[in-house]
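Colleague: For reference, the structure I am asking about is given below.
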Amino acid sequence: MDVPYVCLRLPTVGGKTILATHSIEVAANTYLEDDFPFVLWLVPTTTIAEQTLNCLLNPDHPYREAINQKYGSNVRI
């Protein structure tokens, strides 16, 4: 199976994380053909991991809202 490769270069505070949250649905539907994909979030530092985790755990944060729009209460962080 061929694995697609996409590389987007965005500057700091360029919206990489919000882009990633919206990309989950696109990848799940067009590549994986899976209604509820497993997502592994890789980050370069502990600080960014903590910041991202806190945002994803907050149901009112735009990152989490983007995921909840498609997956609702089926999201596990």
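The numbers here are math on the coordinates, done by the rules we state, and not lab data. Since we're looking at a predicted model, the values are computed, not measured. Reconstructed Cβ throughout: ideal geometry from the backbone, glycine too, with neighbour counts over all protein chains shown.
Colleague: What are the residues in the range 39-75 that are of a type outside the set (S, T, N, Q), part of a loop (DSSP other than H, G, I, E, B) and more than 12 Å from the chain's Cα centre (by Cα), if any?
Modeller: Kept after step one, since they are of a type outside the set (S, T, N, Q), are these residues of the range 39-75: 39-44, 48-50, 53, 55-57, 59-67, 70-72, 75.
Next cut, part of a loop (DSSP other than H, G, I, E, B) only: 39-44, 59-61, 75.
Within the range 39-75, 44, 59, 60, 61 qualify.
Colleague: Restricting to the range 14-67, give me the number of residues that are of a type in the set (A, V, I, L, M, F, W, C), without any contact (Cβ under 8 Å) to a residue 12 or more places away in the chain and loosely packed, with under 15 Cβ neighbours inside 10 Å.
Modeller: 9
Colleague: I would also like to ask the following. Taking the criterion of being within 14 Å of residue 77 (Cα to Cα) and not in a helix (DSSP H, G or I), would at least one residue in the range 19-30 satisfy it?
Modeller: No, the conditions are met nowhere in the range 19-30.
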